[in-house]
Structure formats: structure tokens, C-alpha cells
Ligand code: PEP
Ligand code: MG
């Protein structure tokens, strides 16, 4: 039994036989031609056939993975109409008097190396695409059929292993024959990974597998990003148990998808999901959350080597708002400091970082950073239903100051003629001070979202990072529960709503208690949406 770690592109567990994806690589030979005009016409015909095939693939992909994900095949068609690409092929045929296959292969390689040298991640990804379209044209020129790489007489489904898979190869695979994808190369942001996610197929990329894996039994664990070759009986039994649980969850999903989250007595609870970035939205939609209750925007900063620009942030927020198509998207403003340190912020070392320079404290102290984020948020609000939420509030003046800065930003945008939408403005309740002031804070904002992770830490005076204190860190502590009740009551007295976005919100042993307390919203990890909905449906 050998365990090999890769990078998870899409979660899920499968047990099955490996099939090495074999694509007939065309060996392209350089041959001398005598009639350049006739050779270019041969290329032109092959190019037209390739565009027709890609249009067919686009139609297939629209049906299977939706318009947005299918768009890559439109990009491929456009690449085959690119003047630089066509000029290069033509020039090579005419000046070097070489065959079209060779001219296309060389052009494809040249363009791919230019793309892969670029700094821009999006352009880097195009290297694989230009190779893909070039191979398609070469196959047509050489009269090789477009096949799915899995032999057609096989009845079973396989774990498909390949060095890399181009998007066109991925979409062409017969889905009923694929249990999982595992590639030796590839990135989690590639279109192939995106397609795997939308096709709902567990996928690993960047997995250093040897060449001799064809026909071997394996477990692919897309949740933890590993493949286990030749698993022992015990391992298979434990994974079968996990598979059974996963299947039950999927059945639950099918049964509960599309249903409203209402208690037996008819109270509707807003059941939202927590995300860390754009890539998590697919899971939110898949699990049928009614909105996003916590977008931890600091991940945009953590993934970057320098301050993300207004436009970079705007694009991320806009994408999420558009993908959620009018459903609520609550974006929490920057919450760094404490356990989330970022080098380029140059934060001083602190004796007690959890009690230190973090979240809204940094934002108010360095308003230029905060205003950049607020501008991006308000600009994105023109594209969907965005709400802003401020973390780590302890005092009234902090809320007032944050609102003042938000007003300044709105005025600036108005003066610049930049559109923005209606934006709910809320705060997180995660300090005991905010709980005690909840009555007054409620008059200032549109909603409260209780951050039980920090509220437990600050109420019980327990560092949430310290594993030694795990037995003391009790989110069910009566002090915490009383605080939650106080916050809900204060919110309702002021006519605003209150939710929970900390981990406790997903604790199904507490769901009934929260409903009885009068909670209006729960925001949980995407995978917990349906289990929590299931619980709420059974509550009076
Ligand atoms: C919380 O504190 O409960 C919370 C949701 O925020 P974070 O876990 O990101 O601090
Ligand atoms: Mg918190």
C-alpha cells in the first residue's frame, strides 16, 4: 500500500481501478513540400473542421457544465482565428516549405512557451490551450479520429490517471466511465479542475504518480488530496464507511435541495454559507445555501504578496455577487492580525496578538487600506446583493467611524459617477463588550452576526489557538449561550436581524436551541448547509 499526496481540485472519495489515459500522441515529422499554396489550403480546411468540432464540444459542455464553464471552447475557437497564430503557420509553410503538421506543431510550441513565461496566471493557463488546439488540427491533418482516450469496449468506470488533461479531453470523456481524475501535472485553477468540479467528479492534480499504475486498485480521497495505491483490506473497509456516509449526505442533498429552510411552525431561517474566496462559491450553490453569510475577505490579502488592489478586490467581490445571482453576499471586511499574519503589513510583534492590533482596529488606524476595500465593495454592490460586515467591534465609536468612512467612499464614488447598490451594513458580535452594548449597537446597523469562535475565546479568556486548552474551550458554555440570547433580544428590540456565523452555528445539537432563542440566520460551511436544514425542518 502506498499513499501519494497531490493537490485536491475537487473533493469526494472513490475506490476503483486505475486506467492510464492514453492519448495517441501524433509524432509530427518535418517533410518538404513543393506547393505552399496547396499546403496552406490543407491547413485551412483542417482549421475549419477543428472549429466545427470545437463548436460541437461547446454545445455539449453548455448542456453538461453550463455556459460559463463551456466558454473555454469558445476561447479555443477564437484562438484558431488569431491572426498571429495563422500568420506564423502561413509564414512557416511559405518560407520553409514545410508540411502543415510541422508548421502547426512548431507554432503551437512557440506560443505555449511565450504564454508559460508570462507573469499573469490566466495567460500561463493559455499555454495548455494553445497546445490543445494545435494537437487537434494536427490530428485532423493526419486523419486521426477524435477519441476519448478510454477504450470503448470497457464497461466499467475508472480512476482516470494522466500526465495532464486538456479541457477538451476532460469534457469528451464519457462521464459514466470516470470515477475520478488524477493528473501528475496541472493546477487547481486550471479549466480542467474547474470542469471536474462542475462535473462533480473527485479530482487530484500535481500528484507524483509513477508510470506503472494502469490496472491497479486505488482509493482517491479528494477531500484530503491523496491517492492510496493497492490499499489494504482495512483501508478499503474504512473508506467504504466514509463512502456510505458521503452517499447518505448526497441523498439528503437530493431530498432537501430546493426546499425552504422552515421550522414546523413556519418560521423561515436564513441558511447561508461561509466562504474564503471565489472558488468556494461552487460548493455554496451545490449545497443550496440561500446566500453567503460570511466571506472572509482577508484570504484575498493572505494569498497575495502585496496589498490587493481595488480592482483585484472589486473583481473578486463582483464575481461572487454575480455567481450568487441576487442572493445575499455578506462580505466581512479585512480581519487580519492575531493568528492571521501578513508580512507586507509589517505588523509589530505583540505580547498578546489575540488582544492586539487586528481587524477593525487596523482598518481604522490605516484608513487608506480600509477605504480601498470599501470602494471595491461598494463598486461590486452594483452587480448583486452585497452586505458589508465589520469584525471585532468592541465600541460604539468604532461602528460610527466605520460608517463615516463608508459614507465618504459612497460620496466619492457618486462624484466620480460610479454606480453602487443598496448595501446592508452590519457588524460581527464577537467581543463581550459588543454583547453588553448590543442594545445601542443595534440602533447603528442593519444586522448582527455572532462570531462564536472569538466570542468564546474572549468570554472564557481562552486562546482559541492553544490546543492544550481545548477541554476548556467550550462554545456551549452557559456564559456564551446567555450572550447569544442577549444579542438576539437586543437585535429584535431594535427591529434588526441576528445570525451566527461562527462554527457553533453548524453544531446540529444546538440548532433547536438557536431556533428557540429566536435566531434569524445561520451561516455554516457549505457541506453543513443541508444537515442543518434537515435539523431545522424537524424543529417546532
Ligand atoms: C468567529 O470569530 O466566530 C468568526 C466567524 O470569525 P473568524 O473565525 O474568522 O475569526
Ligand atoms: Mg472572529
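Contact list please: Cβ distance under 8 Å, first residue in segment 351-364 and closer than 19 Å to residue 456 by Cβ and touching a residue at least 24 places away in the same chain (Cβ under 8 Å), second residue within 11 Å of ligand 2 (Cβ to nearest atom) and assigned to a helix (DSSP H, G or I), pairs at least six apart or on different chains.
Close Cβ pairs satisfying both conditions: 354/457.
Scan segment 387-401 for residues that are within 16 Å of ligand 2 (Cβ to nearest atom), touching a strand residue (DSSP E or B) at 6+ places or on another chain (Cβ under 6 Å) and touching a residue at least 60 places away in the same chain (Cβ under 8 Å) and jot them down.
389, 391
If you check residue 504 against the conditions, is it in contact with a helix residue (DSSP H, G or I) (Cβ under 9 Å, 6 or more places away or on another chain) and under 30 Å from residue 247 (Cβ atoms)?
Here the answer is yes, as residue 504 does meet what is asked.
Kindly indicate whether residue 407 is loosely packed, with under 13 Cβ neighbours inside 10 Å and in a loop (DSSP other than H, G, I, E, B).
no
If residue 81 satisfies every condition in (1) at pLDDT 90 or above; (2) in a loop (DSSP other than H, G, I, E, B); (3) closer than 30 Å to residue 229 by Cβ but one, which is the exception?
(3)
For residue 128, indicate whether it is crowded, with 19+ Cβ neighbours inside 10 Å and under 26 Å from the mean Cα position of the chain (by Cα).
When the stated conditions are applied, residue 128 passes them.
Going through 112, 55 one at a time, which residue ends up being over 23 Å from residue 197 (Cβ atoms), modelled with pLDDT of 90 or more and assigned to a helix (DSSP H, G or I)?
55
Can you pull out the residues in segment 162-177 that are in contact with a helix residue (DSSP H, G or I) (Cβ under 9 Å, 6 or more places away or on another chain) and either modelled with pLDDT of 80 or more or part of a helix (DSSP H, G or I) (or both)?
Within segment 162-177, 162, 164, 165, 167, 168, 169, 170, 171, 172, 175 qualify.
So, of the residues in segment 196-220 that are touching a helix residue (DSSP H, G or I) at 6+ places or on another chain (Cβ under 9 Å) and surrounded by 23 or more Cβ atoms within 10 Å (Cβ to Cβ), which turns out to be farthest from residue 60 (Cα to Cα)?
219
Quick check: anything in segment 320-332 under 18 Å from residue 379 (Cβ atoms), out of contact with any helix residue (DSSP H, G or I) (no Cβ under 6 Å at 6 or more places or on another chain), within 16 Å of ligand 1 (Cβ to nearest atom) and touching a residue at least 60 places away in the same chain (Cβ under 8 Å)?
yes
Looking only at segment 444-458, decide whether some residue is over 18 Å from residue 330 (Cβ atoms), in contact with a helix residue (DSSP H, G or I) (Cβ under 6 Å, 6 or more places away or on another chain) and more than 13 Å from ligand 2 (Cβ to nearest atom).
No, every residue in segment 444-458 fails to be over 18 Å from residue 330 (Cβ atoms), in contact with a helix residue (DSSP H, G or I) (Cβ under 6 Å, 6 or more places away or on another chain) and more than 13 Å from ligand 2 (Cβ to nearest atom).
Does residue 289 count as surrounded by fewer than 19 Cβ atoms within 10 Å (Cβ to Cβ) and either under 30 Å from residue 312 (Cβ atoms) or more than 16 Å from ligand 2 (Cβ to nearest atom) (or both)?
It is false that residue 289 is surrounded by fewer than 19 Cβ atoms within 10 Å (Cβ to Cβ) and either under 30 Å from residue 312 (Cβ atoms) or more than 16 Å from ligand 2 (Cβ to nearest atom) (or both).
Return the only residue of 258, 337 being within 13 Å of ligand 1 (Cβ to nearest atom) and either at pLDDT below 90 or closer than 25 Å to residue 202 by Cα (or both).
The match here is 337.
Can you confirm whether residue 510 is away from ligand 1 (no atom under 13 Å from the Cβ) and more than 33 Å from the chain's Cα centre (by Cα)?
Criteria not met by residue 510.
When the residues of segment 54-65 are filtered to those that are buried (at least 18 other Cβ atoms within 10 Å of the Cβ) and touching a residue at least 40 places away in the same chain (Cβ under 8 Å), which remaining residue is nearest to residue 201 (Cα to Cα)?
In this case the residue turns out to be 65.
Can you pull out the residues in segment 149-161 that are in a loop (DSSP other than H, G, I, E, B) and either at pLDDT 85 or above or more than 30 Å from residue 39 (Cβ to Cβ) (or both)?
Scanning segment 149-161 gives 150, 151, 152, 153, 154, 155, 156, 157.
Give me the pairs, please: first residue somewhere in segment 433-455 and under 13 Å from residue 494 (Cα atoms), second residue anywhere and assigned to a helix (DSSP H, G or I) and within 14 Å of ligand 2 (Cβ to nearest atom), beta-carbon distance under 7 Å, and either six or more positions apart or on two chains.
441/434
Quick one: how many residues across segment 354-386 are farther than 17 Å from residue 301 by Cα, away from ligand 1 (no atom under 15 Å from the Cβ) and in contact with a strand residue (DSSP E or B) (Cβ under 9 Å, 6 or more places away or on another chain)?
Within segment 354-386, residues that are farther than 17 Å from residue 301 by Cα, away from ligand 1 (no atom under 15 Å from the Cβ) and in contact with a strand residue (DSSP E or B) (Cβ under 9 Å, 6 or more places away or on another chain) number 6.
Could you check residue 280 against (1) over 11 Å from residue 529 (Cα atoms); (2) within 16 Å of ligand 1 (Cβ to nearest atom); (3) touching a residue at least 60 places away in the same chain (Cβ under 8 Å); (4) in contact with a helix residue (DSSP H, G or I) (Cβ under 6 Å, 6 or more places away or on another chain) and say which number it fails?
(4)
If residue 295 satisfies every condition in (1) modelled with pLDDT under 95; (2) within 16 Å of ligand 2 (Cβ to nearest atom); (3) surrounded by 22 or more Cβ atoms within 10 Å (Cβ to Cβ) but one, which is the exception?
It fails just one condition, (1).
If only one of 530, 522 is touching a helix residue (DSSP H, G or I) at 6+ places or on another chain (Cβ under 6 Å), at pLDDT below 95, over 18 Å from residue 431 (Cα atoms) and crowded, with 22+ Cβ neighbours inside 10 Å, which one is it?
Of 530, 522, the one residue that is touching a helix residue (DSSP H, G or I) at 6+ places or on another chain (Cβ under 6 Å), at pLDDT below 95, over 18 Å from residue 431 (Cα atoms) and crowded, with 22+ Cβ neighbours inside 10 Å is 530.
If I go through segment 342-353 residue by residue, how many of them are assigned to a helix (DSSP H, G or I) and either modelled with pLDDT of 90 or more or more than 15 Å from ligand 1 (Cβ to nearest atom) (or both)?
Total meeting the criteria: 3.
The values are calculated or read from the model by the stated rules, or taken from the named source; none is laboratory data. These numbers come from a predicted model, not from an experiment. Heads up, the Cβs are rebuilt from the backbone with ideal geometry, glycines too, and the neighbour counts pull from every protein chain shown.
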